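Participant: Handing you a structure now.
The values are calculated or read from the model by the stated rules, or taken from the named source; none is laboratory data. Keep in mind that what you see is a predicted model, and the values were worked out from it rather than measured. So basically every Cβ, Gly included, is an ideal-geometry build from the backbone, and we count neighbours across all protein chains shown.
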Protein chains: 4
Amino acid sequence: MQWFECDYAEGAHPRVLKALIDSNALSTPGYGEDAFCARAKALLRSQMQCEHCEIFFTMGGTQTNLLAIAQLLRPHQSVICAQEGHIHTHETGAIEATGHQLLIAKDVDGKLTPDSIRAVLAAQMPIHATQPKLVYLSQPTEWGTVYTRSELSALHALCREAGLLLYLDGARLGCALAAQPDVSLPFLARVCDAFYIGGTKNGALFGEALVFTDPALCRGFDYLRKQRGGLLAKGRLLGAQFEALFTDGLYTQLGAHANAMARRLQDGILAAGYPLLAPSATNQVFPVLPKALVEFLETRYVFRRWGVPEDPEQVPIRLVTAFTTTPEAVDALIADLA
Amino acid sequence: MQWFECDYAEGAHPRVLKALIDSNALSTPGYGEDAFCARAKALLRSQMQCEHCEIFFTMGGTQTNLLAIAQLLRPHQSVICAQEGHIHTHETGAIEATGHQLLIAKDVDGKLTPDSIRAVLAAQMPIHATQPKLVYLSQPTEWGTVYTRSELSALHALCREAGLLLYLDGARLGCALAAQPDVSLPFLARVCDAFYIGGTKNGALFGEALVFTDPALCRGFDYLRKQRGGLLAKGRLLGAQFEALFTDGLYTQLGAHANAMARRLQDGILAAGYPLLAPSATNQVFPVLPKALVEFLETRYVFRRWGVPEDPEQVPIRLVTAFTTTPEAVDALIADLA
Amino acid sequence: MQWFECDYAEGAHPRVLKALIDSNALSTPGYGEDAFCARAKALLRSQMQCEHCEIFFTMGGTQTNLLAIAQLLRPHQSVICAQEGHIHTHETGAIEATGHQLLIAKDVDGKLTPDSIRAVLAAQMPIHATQPKLVYLSQPTEWGTVYTRSELSALHALCREAGLLLYLDGARLGCALAAQPDVSLPFLARVCDAFYIGGTKNGALFGEALVFTDPALCRGFDYLRKQRGGLLAKGRLLGAQFEALFTDGLYTQLGAHANAMARRLQDGILAAGYPLLAPSATNQVFPVLPKALVEFLETRYVFRRWGVPEDPEQVPIRLVTAFTTTPEAVDALIADLA
Amino acid sequence: MQWFECDYAEGAHPRVLKALIDSNALSTPGYGEDAFCARAKALLRSQMQCEHCEIFFTMGGTQTNLLAIAQLLRPHQSVICAQEGHIHTHETGAIEATGHQLLIAKDVDGKLTPDSIRAVLAAQMPIHATQPKLVYLSQPTEWGTVYTRSELSALHALCREAGLLLYLDGARLGCALAAQPDVSLPFLARVCDAFYIGGTKNGALFGEALVFTDPALCRGFDYLRKQRGGLLAKGRLLGAQFEALFTDGLYTQLGAHANAMARRLQDGILAAGYPLLAPSATNQVFPVLPKALVEFLETRYVFRRWGVPEDPEQVPIRLVTAFTTTPEAVDALIADLA
């Protein structure tokens, strides 16, 4: 079976794995107080051109989102996000479990706009509704689309004006950086109050790097991460992996490869005459295929049906590429569409 | 200024107040372990024709909803409700603050349908989405509409089939009982797993009666109520008020009066040629009036603008009647519409 | 049966009740946005000599404690309190239910000392233990003792030095003010970051007044109170009661009466040769009596056994007086000790 | 510097690392739905002689404890544990952050007794105190001591009788199994309602195996683990590690090695004439040494001072051995004591 189900079906990129193997026998302090984490943070700060940024390594995306949002909000404050925002639909109510409400703003192909956020703000009755305080974006979005530099600048400006914090979920940030190079790490460090650089879905065994661009926002975060079970005893595992990922451009290279495989796939699907739920710029592709074809593909490939189809004969699916995806696998699937 | 802002602008009905005055000097055990509460519960059980129902008095609507839902759900379970459900828009994220997600189902004039609930169930991805477990209804709804007997039966049947609990917010239940007599207390005790009989908005100083129709569902609730600050030290205040409200049919009479005043108001508004946001059967009326007229009325009456108008010249407002509303006040407002 | 079980066995003082009756028919805005609350707050600010204090009315003691502490702490911060602190033993884990740990400091007759607090601070391992941030005191304490002015000054100084907040639970503050007049409201407003003035146990039907002496500490508290079910719809009920209690010194007079009755009781017990668990200056008395005598008294008086006796033949009990306790009732009990 | 600070200073045992390397390139389903996890669970079930046990892999000890306890308790229920219980002193209030109170029972060298638990039960006032529902033990305890078979049987019997759940924290279970072989996995599966088998501190890179011995107790746990950020995307990493640890007895061998090194150390310390805080049977040793000696050792070894010394000249320290500790390192330290 060829794998298009997700971007976490294999282990680590060989260079990441090597970093773990090479460090295995060393003795270091626990809980991330080690030289690997220190070096990885220095590398990230340098590549973000943000020396005052504070970085915390965490173990997975849901954990990172819930920790960041629990850190950034007071109990009565809420999050503005898209209907398909990962925190809304795919994290088992993790944000609500920390006590915070999500307010859904309209999106265009997964992207929020200043107007959609303003509409949410206008609808909340003070005291009796929660106080919107944080805007949650994903880059790329859940539809594979990416925010442009001007779109993010406009959202940043609105947030400053309205007293909102801007938080960006970078689970697949490697793909976004490759697809939209001018939305770079230094740019993100300027427009976001916090964001995370995802390792799990881009070449690491596991691990994310959560960045607070204003140190005042992360006071006590080291306690919170421990309290919620997010502090890894052998914390250097995260440092070693991120050091490898951010050495010699590996992180963006892996994203670029996954994007290239997805584009090849998307082009083949369109050439075969099938529509897409949304046009993706990154490593997730959402074709809508005849039911019989989907059933046939399910005998040869691993992937997911996506959402509840309106027409049961036309089934949306999600195909995901990764740093491990080969052109041969993509071409085989395209051939099978014919 | 005449008051159409809400149904909690005055104190208690004289018979409720008298019950408090008459009991004032008596010594009784605290925390609701008194004879007043015992008699009030017996009265309610009898009028619900439900001897096994468990009843807990609480102090207000938000408190009751959050306690009931925290009691009925496990941490990973969520609530299905309407977009305008009180818990979604007017309780400051109280349910999320107990850790539970709300899932929004489509409504028709504020009412959920089996199909809208089924659509929510179908959209949740197991493990990665919360597990829907409870349907939240209001009777009357936030639009003043009421569920019929057959509508509630259909929702009850779906809940049984799908393993969902049915919970009904009766903040204004007196008005609903008066408007739709066959959706009676005994009927509610049969179709709901839990519901509350609202006192605050129907003649009490404060207080609600939360009913669990299956005793197995309320194990430990006495602890939870105390833990969340909902156990009144002088608990007999609640018992005395509910005893007065449910003696000689006072509760439904007060609802009927408020409804009659609202109907008089609604008829006058329609006769004056103004539309309604929704046709109300109970004590809330939602006309859409020209902006200038709204501004004029604001000089003579207390009421709320409702929602964000799409057309800034046409402003939706909410007018609420209560057990204290007089026909003269209603007629004066109608006259002012001309 | 004569009642010595608690100080919430009867309704309100007649002047408090009259305030409720007199205001009953008036229409006012809901949620405490009314003139009664405004006047009561002005009265309290004046008597506290603290014009910048922010005051919020709440419905009961547990609710007040949990709201205040949830407001004042970040998720990783904890509370230092005495073993017998009300929040530790009698509020069903309300503080933990808001996510905060309690750290127990040694007490002397219910009172914390700077040294006992310093010992707690020294024992916490950063990151891996919670961060102590708030000291919880009761005045009077759970043993009926009261902090002196110099004791509170010393605790205040330690808190300032160690970056801790000082919060005082005044459930029975009327008795403390009467017993220790130099620990006055203006003094408390200077040494505490927040405290509450209890109504429920001193003449009100229900209600407490929570005071934040630094406005920066209560940002968003109006949302939090609503979210946790602590915002009374007919909020003026609280304003009207506190206005009555703080007019013409009623509040302290009621405390003084309860104290006088308790002293009479305590003197009688000591004269009869029975020991006390702790010497009380306020309205709770804790004698240790022979089991047979306790069983006899239980046939004539309502009171509670207190704690688990070490010697089953010597049973500690708690006797509580209130604004309603009569000298005759006290003398009858003393006579029955013989 | 020689390392005696903790048992998580190095990476994985070579056989565990090899399992990760060998599986790195394979494609598998995410979230633990893979063959590695399935095989590891089968292996554990077989070695526990408990086919109906349910096993969930998690990422670290604090995470496991908070997830297990959040799963097993209703909101009003509390945990009985020792003063030095890891959840009380070293997990940043993780249990309170899930809303649950800890009740401290007296211990003997870190071990709870039926009498100490009964005393806690007797002291709780129903409704006004939390309901004790779960006993938390560590095996080995935080003092390195181990429960015997008869001690655990007695605790199990008390729990059954009192309606309590028995939960055992096995962060260092490998050492306990080696030190007290008759407290075996099958025995633990019979006496505990849930327990975890720690990987992090015994040869894994990270990871714990949480066991529910009654499937009814883990309903919905798969949702809860995801919601709190404890579901690893590449879940097979945990399966592969536990498969390696439980093949050919590696897990207990690693514990036995660490114990042997600790015994060698403890014998050397006693022979040198220094006392211990507590006699340890496992891999943590707690000598009390003269301050000057501690300062000297700190120039050559990494270890922690332990607690606040009563006498500043006599400093308790903690020395921890691990599967990586060599006899030479131990002998060097002993030599330096002289």
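Participant: Would you confirm whether any residue within the range C:238-249 is within 14 Å of chain B (Cβ to nearest Cβ), touching a Cys at 6+ places or on another chain (Cβ under 7 Å) and under 30 Å from A:Gln101 (Cα atoms)?
Facilitator: For the range C:238-249, residues within 14 Å of chain B (Cβ to nearest Cβ), touching a Cys at 6+ places or on another chain (Cβ under 7 Å) and under 30 Å from A:Gln101 (Cα atoms): present.
Participant: Considering the range D:90-104 alone, what residues qualify as being within 13 Å of chain B (Cβ to nearest Cβ) and over 30 Å from D:Leu238 (Cα atoms)?
Facilitator: Passing the criteria: only D:Gln101.
Participant: Would you mind listing the helices (runs of 4 or more DSSP H) fully within the range A:181-253 where at least 1 residues are over 28 Å from D:Leu26 (Cα atoms)?
Facilitator: In the range A:181-253, A:185-191, A:221-227 are the helices (runs of 4 or more DSSP H) which contain 1 or more residues that are over 28 Å from D:Leu26 (Cα atoms).
Participant: In the same structural domain as B:Ile95 (by TED's automatic domain parsing), in contact (Cβ under 8 Å) with a residue 40 or more places away in the chain, surrounded by fewer than 21 Cβ atoms within 10 Å (Cβ to Cβ) and charged (D, E, K, R): which single residue out of B:Glu208, B:Glu142, B:Glu161, B:Glu151 fits that description?
Facilitator: B:Glu151
Participant: Identify the residue in the range C:64-89 that is facing another protein chain (nearest Cβ under 7 Å) and touching a Ser or Thr at 6+ places or on another chain (Cβ under 8 Å) and, among all such residues, is farthest from D:Gln124 (Cα to Cα).
Facilitator: C:His76
Participant: Go through the range B:205-218 residue by residue and tally those that are out of contact with any Phe, Trp or Tyr (no Cβ under 8 Å at 6 or more places or on another chain) and either among the aliphatic types (A, V, I, L, M) or within 14 Å of chain C (Cβ to nearest Cβ) (or both).
Facilitator: 4
Participant: Here are some residues: B:Ile21, B:Ile69, B:Ile55. Which one is at pLDDT 95 or above and closer than 26 Å to B:Thr325 by Cα?
Facilitator: B:Ile21
Participant: If I go through the range C:306-320 residue by residue, how many of them are within 14 Å of chain D (Cβ to nearest Cβ) and surrounded by fewer than 19 Cβ atoms within 10 Å (Cβ to Cβ)?
Facilitator: 6
Participant: Another question, if that's okay. With respect to D:Ala278, determine if the residue is part of a helix (DSSP H, G or I), of a type in the set (A, V, I, L, M, F, W, C) and either surrounded by fewer than 24 Cβ atoms within 10 Å (Cβ to Cβ) or modelled with pLDDT of 95 or more (or both).
Facilitator: Against the criterion (part of a helix (DSSP H, G or I), of a type in the set (A, V, I, L, M, F, W, C) and either surrounded by fewer than 24 Cβ atoms within 10 Å (Cβ to Cβ) or modelled with pLDDT of 95 or more (or both)), D:Ala278 does not qualify.
Participant: So, one more: Could you please find all residues in the range A:79-123 being more than 20 Å from the chain's Cα centre (by Cα), small (Gly, Ala, Ser) and closer than 17 Å to A:Leu158 by Cα?
Facilitator: Listed by number, the residues that qualify are A:Ser116, A:Ala119, A:Ala122, A:Ala123.
Participant: Can you confirm whether C:Pro126 is assigned to a loop (DSSP other than H, G, I, E, B), under 15 Å from the mean Cα position of the chain (by Cα) and of a type outside the set (Val, Ile, Thr)?
Facilitator: no
Participant: Which ones in the range B:288-304 are within 17 Å of B:Glu5 (Cβ to Cβ) and either assigned by TED's automatic domain parsing to the domain that holds B:Lys201 or touching an Asp or Glu at 6+ places or on another chain (Cβ under 9 Å) (or both)?
Facilitator: B:Phe296, B:Leu297, B:Arg300, B:Tyr301, B:Val302, B:Phe303, B:Arg304 - these are the residues of the range B:288-304 that are within 17 Å of B:Glu5 (Cβ to Cβ) and either assigned by TED's automatic domain parsing to the domain that holds B:Lys201 or touching an Asp or Glu at 6+ places or on another chain (Cβ under 9 Å) (or both).
Participant: Of A:Phe303, A:Phe323, which residue is within 23 Å of B:Pro126 (Cα to Cα), more than 14 Å from chain B (Cβ to nearest Cβ) and not polar (S, T, N, Q)? Quick ask: steps written out before the conclusion?
Facilitator: Details: A:Phe323 fails: within 23 Å of B:Pro126 (Cα to Cα).
A:Phe303 is the lone residue from the list that is within 23 Å of B:Pro126 (Cα to Cα), more than 14 Å from chain B (Cβ to nearest Cβ) and not polar (S, T, N, Q).
Participant: Confirm whether D:Gly174 is in contact (Cβ under 8 Å) with a residue 12 or more places away in the chain, out of contact with any strand residue (DSSP E or B) (no Cβ under 9 Å at 6 or more places or on another chain) and not in a strand (DSSP E or B).
Facilitator: On the way: in contact (Cβ under 8 Å) with a residue 12 or more places away in the chain: yes; out of contact with any strand residue (DSSP E or B) (no Cβ under 9 Å at 6 or more places or on another chain): no; not in a strand (DSSP E or B): yes.
Spelling it out, it is not the case that D:Gly174 is in contact (Cβ under 8 Å) with a residue 12 or more places away in the chain, out of contact with any strand residue (DSSP E or B) (no Cβ under 9 Å at 6 or more places or on another chain) and not in a strand (DSSP E or B).
Participant: Moving on to the next point. Only one of (1) free of Cβ contacts under 8 Å to residues at least 60 places away in the same chain; (2) among the polar types (S, T, N, Q); (3) touching a strand residue (DSSP E or B) at 6+ places or on another chain (Cβ under 7 Å); (4) closer than 28 Å to A:Leu26 by Cβ is not met by D:Asn283, so which one is it?
Facilitator: The failed condition is (1).
Participant: Restricted to the range B:1-17, and to residues that are of a type outside the set (D, E, K, R) and in a helix (DSSP H, G or I), which residue is farthest from the other protein chains (Cβ to nearest Cβ)?
Facilitator: My answer is B:Val16.
Participant: Right, here's the next one. Here are C:His86, C:His76, C:His52: which of them is buried (at least 24 other Cβ atoms within 10 Å of the Cβ) and touching a helix residue (DSSP H, G or I) at 6+ places or on another chain (Cβ under 8 Å)?
Facilitator: Among C:His86, C:His76, C:His52, only C:His76 is buried (at least 24 other Cβ atoms within 10 Å of the Cβ) and touching a helix residue (DSSP H, G or I) at 6+ places or on another chain (Cβ under 8 Å).
Participant: Checking B:Ala260 against (1) surrounded by fewer than 23 Cβ atoms within 10 Å (Cβ to Cβ); (2) assigned to a loop (DSSP other than H, G, I, E, B), which test does it fail?
Facilitator: (2)
Participant: Oh, and also: Can you find even one residue in the range C:144-159 that is farther than 25 Å from C:Lys201 by Cα and within 14 Å of chain A (Cβ to nearest Cβ)?
Facilitator: Here is the first cut: in the range C:144-159, the ones farther than 25 Å from C:Lys201 by Cα are C:150, C:153-159.
Filter again for within 14 Å of chain A (Cβ to nearest Cβ), leaving none.
Scanning the range C:144-159, I find no residue that is farther than 25 Å from C:Lys201 by Cα and within 14 Å of chain A (Cβ to nearest Cβ), so the answer is no.
Participant: Return the only residue of D:Asn202, D:Asn259 being under 20 Å from D:Cys53 (Cβ atoms), in contact (Cβ under 8 Å) with a residue 12 or more places away in the chain and more than 10 Å from every other protein chain (Cβ to nearest Cβ).
Facilitator: D:Asn202
Participant: Now, a different point. Filter the range C:18-43 for residues that are within 23 Å of the chain's Cα centre (by Cα) and surrounded by 22 or more Cβ atoms within 10 Å (Cβ to Cβ); which is farthest from the other protein chains (Cβ to nearest Cβ)?
Facilitator: Checked the range C:18-43; the qualifying residue farthest from the other protein chains (Cβ to nearest Cβ) is C:Ala40.
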